[in-house]
Amino acid sequence: MATVNELLHRRFGVADDPNDVALNETLTSILSHRSIRKYRDEAVPDDLLRVLLACAQSAPAKSDLQQYSIVHLTDAAAKAKLAEFADTRAIAAAPVVLVFCGDIRRAQRISQLRAKPYAQNTLDSFMNAAVDAGLALQAFIVAAESAGLGCCAISQVRTRIEEVSTLLGLPDGVFPLAGLTAGWPDETRETSLRLPPSIVVHTNTYDDANFAAEIDDYDARRHAAFPIPLRGQLHNDIYGVAAFYGWSDHVARRLSQPEGRETLRAFLENRGFALS
Ligand SMILES: Cc1cc2nc3c(=O)[nH]c(=O)nc-3n(C[C@H](O)[C@H](O)[C@H](O)COP(=O)(O)O)c2cc1C
């Protein structure tokens with residue numbers, strides 16, 4: 001079994017020495033996370049799935065409001081449609097397909113059920129619902145990976161959000177945050193290097209004084225470990241072919257163009273979210 005130092009080295013690409021932190025299976029599994037997009041043609045037992053969904057529901061939730069829902073897609077035709085809408089072929093073949101949704105509808109219905117006014121349709125409630133759904137998603141991933149499954153979250157379910165919401169029968173007050181495919185891994189992937197804690201974790205106050213140099217170092221580390229191939233360079237038609245193409249070049253090129261999800265606010269407002 002790898003040591004904690006080895007796992008941290010794989011995660012950040014730099015030596016770390018946290019001394020005597022005792023490794024356990026949970027730490028090992030979380031530190032070894034990688035998204036898996038190819039799965040064996042082998043079902044995930046229903047009982048296991050039920051436990052993993054219970055783990056998802058074990059995530060903390062803001063004010064205990066539990067403002068999310070999970071749609072489990074089992075119908076092959078519906079999976080194929082979702083794969084098409086999300087432009088992600090893996091969805092059609094994945095043994096498990098879930099869509100994690102933010103959900104303020106249930107709270108609204110509870111207010112109605114108990115004959116009280118509902119006074120919290122705000123941007124903050126939208127964010128709470130999104131965070132609750134995201135935490136449930138991550139709890140599912142952690143649980144699934146600990147059981148040997150591989151997972152991949154899919155934000156592309158939001159690209160054609162109207163069609164996806166109609167497919168899933170989502171009522172007003174519910175929006176798809178992210179899909180998730182899961183199954184027994186049929187590919188091996190390396191641990192993807194994360195940004196150094198020195199620019200992500202701040203002590204007492206935010207400090208990015210050393211930002212540019214840290215990003216250069218990170219680019220160099222990632223490039224040495226996993227260079228982005230020429231075919232992976234984005235928008236060559238606009239920016240040309242780069243001799244050195246680091247993570248930050250990739251990110252900057254990606255962010256230089258709209259993602260094609262600019263209709264989200266209109267969608268949400270149309271579905272009853274007041275985003276003020
Ligand atoms: C909310 C969320 C949405 C994501 N959406 C997609 C997606 O639509 N398609 C995809 O291939 N990967 C998606 N991913 C996976 C990320 O690309 C992946 O986590 C990232 O590249 C880091 O790689 P790793 O998870 O293997 O460490 C998503 C991840 C998250 C957390």
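The values are calculated or read from the model by the stated rules, or taken from the named source; none is laboratory data. Remember, it's a predicted structure, so these values are computed and weren't measured experimentally. Methodologically, a virtual Cβ is constructed for each residue, glycine included, from the backbone with ideal geometry; neighbour enumeration extends over all protein chains shown.
Brief remarks follow.
- Answer from D41, D20, D64, D47 - the residue that is closer than 22 Å to E187 by Cα and exposed (fewer than 12 other Cβ atoms within 10 Å of the Cβ): D41
- Residue list for segment 34-57, filter: in contact with a helix residue (DSSP H, G or I) (Cβ under 6 Å, 6 or more places away or on another chain) and in a loop (DSSP other than H, G, I, E, B): R37
- Where D208 falls short, out of the listed (1) more than 16 Å from the chain's Cα centre (by Cα); (2) crowded, with 18+ Cβ neighbours inside 10 Å; (3) not basic (K, R): (2)
- Figure legend. Inter-residue proximity from segment 146-159: first residues more than 30 Å from L268 (Cβ to Cβ), second residues among the hydroxyl-bearing types (S, T, Y) and assigned to a strand (DSSP E or B), beta-carbon distance below 8 Å, spacing 6+ or different chains. Indicated pairs: G150/Y39.
- Filtered by the rule that a residue be at pLDDT 95 or above and either among the hydrophobic types (A, V, I, L, M, F, W, C) or not assigned by TED's automatic domain parsing to the domain that holds D216 (or both), segment 229-241 gives L234, I238, V241.
- Yes/no for L234 being surrounded by 11 or more Cβ atoms within 10 Å (Cβ to Cβ) and in contact (Cβ under 8 Å) with a residue 24 or more places away in the chain: no
- Residue that is farthest from T26 (Cα to Cα), among those in segment 114-137 that are within 16 Å of the ligand (Cβ to nearest atom) and surrounded by fewer than 18 Cβ atoms within 10 Å (Cβ to Cβ): M127
- Restricted to segment 62-113, the set of helices (runs of 4 or more DSSP H) holding at least 2 residues that are in the same structural domain as V164 (by TED's automatic domain parsing), in contact with a strand residue (DSSP E or B) (Cβ under 7 Å, 6 or more places away or on another chain) and within 16 Å of the ligand (Cβ to nearest atom) comprises 76-85, 90-93.
- In segment 90-106, the residues that are free of Cβ contacts under 8 Å to residues at least 24 places away in the same chain form Cβ pairs under 7 Å with partners that are among the charged types (D, E, K, R), at six or more places apart or across chains, as follows: A92/K79.
- Residue in segment 141-155 that is closer than 19 Å to R261 by Cα, polar (S, T, N, Q) and at pLDDT 95 or above present: yes
- Filter result (surrounded by fewer than 19 Cβ atoms within 10 Å (Cβ to Cβ), within 13 Å of the ligand (Cβ to nearest atom) and of a type in the set (D, E, K, R)) within segment 148-197: E187, R189, E190, R194
- Of all residues making up segment 231-253, the number that are of a type outside the set (A, V, I, L, M) and assigned to a loop (DSSP other than H, G, I, E, B): 6
- Qualifying residue in segment 263-272 (condition: surrounded by 14 or more Cβ atoms within 10 Å (Cβ to Cβ), more than 21 Å from the chain's Cα centre (by Cα), within 14 Å of the ligand (Cβ to nearest atom) and in contact (Cβ under 8 Å) with a residue 12 or more places away in the chain): no
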